[in-house]
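The structure appears right after this line, and notes come after that.
The values are calculated or read from the model by the stated rules, or taken from the named source; none is laboratory data. Quick caveat, the model's predicted, so the values are computed rather than measured. FYI the Cβ positions are ideal-geometry reconstructions off the backbone, even for glycines, and counts take in every protein chain you see. When the accessible area is computed, the model is the full protein with side chains, heavy atoms only, and any ligands, DNA or RNA have been set aside. Shrake-Rupley method; radii C 1.70, N 1.55, O 1.52, S 1.80 Å.
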Amino acid sequence: MDTARTVYDDGAVVVKGDTIVAVGPRAEVDAGYQAQQTIDATGKLVLPGFINGHTHVPMTLFRGIHDDVTLNDWLYKYIFPAEAKNVNEEFVRWGTRLAAAEQIRSGVTTFADMYYFEDAVAEETKAAGMRGVLGETFIDFPAPDNKSEAEMLAYTERFLKKWQGDPLIHAAAAPHSIYTCSQKTLQDSSALARKYHAPILIHVAEMKKEWEDSEKQNGMSPVQYLDKIGVLGPDIVAAHCIFVDETDRKIMAQRQVGCVHNPSSNMMLASGVAPVPELRAAGVAVGLGTDGPAGSNNDLDLMEEMDLAAKLAKITRMNPLALNAKAVVEMATINGAKALHLDKEIGSLETGKKADLILISLDEPNAVPMYDIYAQLAYALKASDVETVVIGGRVVMRDHGLLTVDEQAAMAKARDYKKTIATSLELQ
Ligand SMILES: [Zn+2]
């Protein structure tokens, strides 16, 4: 996934510490290095780890809590009350562990998260050896962790300071959206992030009601409103971007806003279809995300999002050329890195980048024959074909065996939480 999209039929990657020091044809690379440890990838695909650009990992514990409702109903009738009753630091830790296991298994090496107790998410992410852009949520009602904007600002400032310079964790601020945050909250949270050169994660133009209310209240679209109040910039990661017209797309490109497309979520909630081909044509970096995993997807499988992104664009335009396999693989890797403003660090296998790479088996009935790598990745291979995962030079899964997360414990805990959560909702 370098600029030339180079593919080596018989290649090698050399890793030293957490960094890639050479990539190329095996015969050439082999000659120059003596490895302490070698992973044989004969007959497999080796590619950059997938980047899940938008999710809420502790919500794994709410997986399937209430589906088949509108986003507005799901948020206000189910998830906000369920969170108020159940979410504490312990909950967030177990949810993150479960999500780390699920994501590593499906080849995700970096994810961007928005939730509460994000410092605990960061600690668990680091313990799992994963890379994260992790945003502490700002929202204009008492959250499970912080009860006021002042508390949110104080917590987030401590959080941003603590993780500065960490090789895996990028602490961020996450104002939830324009429909749950006042202008002041949006501006204060982004000013704080900018003070620490931290990314800002936000949901943008994710439902029609948000767009209609913005037109009514602000006389302009959500994107134009965020631009007007000074929030848009080259540190913004905007999830969804469904209701963005040509002017909005130009502004997003100008301000170098990263965008994350979440096809499963948009389909499941019937939110709408993001104009992905137009965003890409306007020069906006568009990555891919699972969103969810509760209510709006229910899993963290980014390979599925590649498949769905291509097919959703095709069917809504009745044009099979609308978005192709290569484009969605780009969105899951290098363009996802650009959307998170981390493309100097990750997204491709190139000398100097972090050694985040995955091995995918091609020795499965669904994996043969292979005419085109991109088509195979987008339409035929499955998360379960991911065999080995390396993040920052550390092997976190080898031959399907997780090395950094106790997934049995996490699964047992998830079943326990289900009982508690179900009881708490019945009491409502
Ligand atoms: Zn979301």
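Does segment 260-291 hold any residues that are under 17 Å from F50 (Cα atoms) and either away from the ligand (no atom under 14 Å from the Cβ) or at pLDDT below 95 (or both), and which are they?
First pass over segment 260-291, keeping only residues under 17 Å from F50 (Cα atoms): 260-264, 285-291.
Within segment 260-291, A285, V286 meet the criteria.
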| If you check A173, A205, which single one turns out to be farther than 16 Å from M114 by Cα, touching a residue at least 12 places away in the same chain (Cβ under 8 Å) and touching a Phe, Trp or Tyr at 6+ places or on another chain (Cβ under 9 Å)? | A205
| note | Within segment 383-428, of all residues that are among the hydroxyl-bearing types (S, T, Y) and modelled with pLDDT of 95 or more, the one least open to solvent (accessible area, probe 1.4 Å) is T388
| query | Are there any pairs with C-beta distances below 6 angstrom linking a residue in segment 301-327 that is without any contact (Cβ under 8 Å) to a residue 12 or more places away in the chain to a residue that is in a helix (DSSP H, G or I) and open to solvent by 30 Å² or more (accessible area, probe 1.4 Å), with the two at least 6 apart or on different chains, and if so which? | reply | P320/K314
| query | Among the numbered criteria (1) open to solvent by 30 Å² or more (accessible area, probe 1.4 Å); (2) more than 16 Å from the ligand (Cβ to nearest atom), which single criterion is violated by N298? | reply | (2)
| said: For segment 53-94, give me each residue that is within 30 Å of K338 (Cβ to Cβ), part of a helix (DSSP H, G or I) and within 18 Å of the chain's Cα centre (by Cα). | reply: V57, P58, M59, T60, V92
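Do the conditions hold for V405, that is, is it in a strand (DSSP E or B) and under 23 Å from the mean Cα position of the chain (by Cα)?
Considered against the rule, which asks whether it is in a strand (DSSP E or B) and under 23 Å from the mean Cα position of the chain (by Cα), V405 comes out as no.
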| request: Report yes if D188 is open to solvent by 10 Å² or more (accessible area, probe 1.4 Å) and at pLDDT 95 or above, otherwise no. | output: yes
| Does segment 45-59 contain at least one residue that is β-branched (V, I, T) and open to solvent by 40 Å² or more (accessible area, probe 1.4 Å)? | yes
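What residue, among those in segment 199-229 that are in a loop (DSSP other than H, G, I, E, B) and open to solvent by 10 Å² or more (accessible area, probe 1.4 Å), is nearest to P175 (Cα to Cα)? Spell out how you get there, then give the answer.
Initially, segment 199-229 is screened for residues in a loop (DSSP other than H, G, I, E, B), giving 199, 205-207, 219-221, 229.
Then keep just the ones that are open to solvent by 10 Å² or more (accessible area, probe 1.4 Å); that gives 199, 206-207, 219-220, 229.
Details: P199: 11, E206: 14, M207: 16, G219: 21, M220: 19, I229: 14 Å.
Among those residues, the one meeting the criterion is P199.
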| Can A35 be described as more than 16 Å from the ligand (Cβ to nearest atom), open to solvent by less than 40 Å² (accessible area, probe 1.4 Å) and in a loop (DSSP other than H, G, I, E, B)? | no
| Check on T19, polar (S, T, N, Q), surrounded by 18 or more Cβ atoms within 10 Å (Cβ to Cβ) and modelled with pLDDT of 95 or more | no
